[in-house]
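Heads up: the structure comes next, in structure tokens.
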Amino acid sequence: MVKTYHPIHRCTPLNKNKMCNAKFISNRFRDRITSQPTIRIWEIQDLVRDQLGLYVGRTICHRAKQIVLNKFMGDWREEFARLCDYAEQIILSNPGNTCIVKTDRESQPGVNLFKYFYVCFDAMKRGWLEGCRKIIGFDGCFLKGACKGELLVAVGKNGNQQMFPIAWAVIDNESKESWTWFIQNLINDLGLGIGDGITVMSDMQKGLLSTLLNLLPNAEHRECARHIWANW
């Protein structure tokens, strides 16, 4: 039996939850922390407050960040150490594949630094040579995460007017040297000659134009954005 009824509720809402611990936060925001390893502790607190409406202390957020970095990103050094083994397996799986790893042992004596990584599958080579128009598009983008760098790609266009990947490379930084190395390997894979009449599509990538003029002087070059390339 209700003896007294108070129609106005005056309980103060709580914004803390013991179940929102470091393990829960690391699982919930793993992708965000992995893509942004330098995220600040207060930014994680803001994420929890905005998405969950809860307040967590700095210590819990710091532990959550360390869990993600140690568990999901702690083995990237070991993966880089086995990069040459990975390249060897790509070639052994199909002798027609091309995979090249270039390292730098001169910048820091006694240290083998990663520089370039190039991949071109045999099926992609034959697909472009046999079923694609003689058009190659070049582009590059930055890589985010714990391992910085840039991704260079070469794509063609198939009979369905869709993009057809040909080759790609991961480099330390974009320059004329890196573009020259990438395009020279692509020329060797596709068997292109200086006099081949192909069309090259690209935007204002650093060092790309001068590289194309040196390696493919007879190629028609057009600067374009992606929407122009899609309608070409």
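In the range 100-111, the residues that are at pLDDT below 80 form Cβ pairs under 7 Å with partners that are surrounded by 11 or more Cβ atoms within 10 Å (Cβ to Cβ) and outside any loop (DSSP other than H, G, I, E, B), at six or more places apart or across chains, as follows: Ser107/Leu113.
Results for (1) farther than 30 Å from Ala169 by Cα; (2) touching a helix residue (DSSP H, G or I) at 6+ places or on another chain (Cβ under 6 Å), shown as yes or no for each residue.
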{"residue": "Thr4", "(1), (2)": "yes, no"}
{"residue": "His9", "(1), (2)": "yes, no"}
{"residue": "Asp31", "(1), (2)": "no, no"}
{"residue": "Pro37", "(1), (2)": "no, no"}
{"residue": "Gln45", "(1), (2)": "yes, yes"}
{"residue": "Arg49", "(1), (2)": "yes, no"}
{"residue": "Tyr86", "(1), (2)": "no, no"}
{"residue": "Gln108", "(1), (2)": "no, no"}
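Every condition in (1) of a type outside the set (D, E, K, R); (2) under 26 Å from Gln184 (Cβ atoms); (3) at pLDDT below 90 holds for Phe121 except the one numbered (3).
Pairing each residue of the range 206-223 that is in a helix (DSSP H, G or I) with any residue that is β-branched (Val, Ile, Thr) and surrounded by 13 or more Cβ atoms within 10 Å (Cβ to Cβ), provided the two are 6+ apart or on different chains, yields C-beta distances under 8 Å for Thr211/Thr180; Thr211/Ile183; Leu212/Ile183; Leu212/Val200; Asn214/Thr180; Leu215/Thr180; Leu215/Ile183; Leu215/Ile187. Count of the range 122-178 residues, restricted to those that are surrounded by 16 or more Cβ atoms within 10 Å (Cβ to Cβ), among the basic types (Lys, Arg) and part of a helix (DSSP H, G or I), is 1.
Counting just the residues of the range 145-189 that are charged (D, E, K, R) and farther than 18 Å from Asp203 by Cα, which one comes out modelled with the highest pLDDT?
Filtering the range 145-189 down to residues charged (D, E, K, R) leaves 148, 150, 157, 172, 174, 176-177, 189.
Then drop every residue that is not farther than 18 Å from Asp203 by Cα, which leaves 148, 172, 189.
Numbers: Lys148: 74, Asp172: 85, Asp189: 92.
Among them, the one singled out is Asp189.
The values are calculated or read from the model by the stated rules, or taken from the named source; none is laboratory data. This one's a predicted model, so the numbers in the text were calculated from it and none came from an experiment. Heads up, the Cβs are rebuilt from the backbone with ideal geometry, glycines too, and the neighbour counts pull from every protein chain shown.
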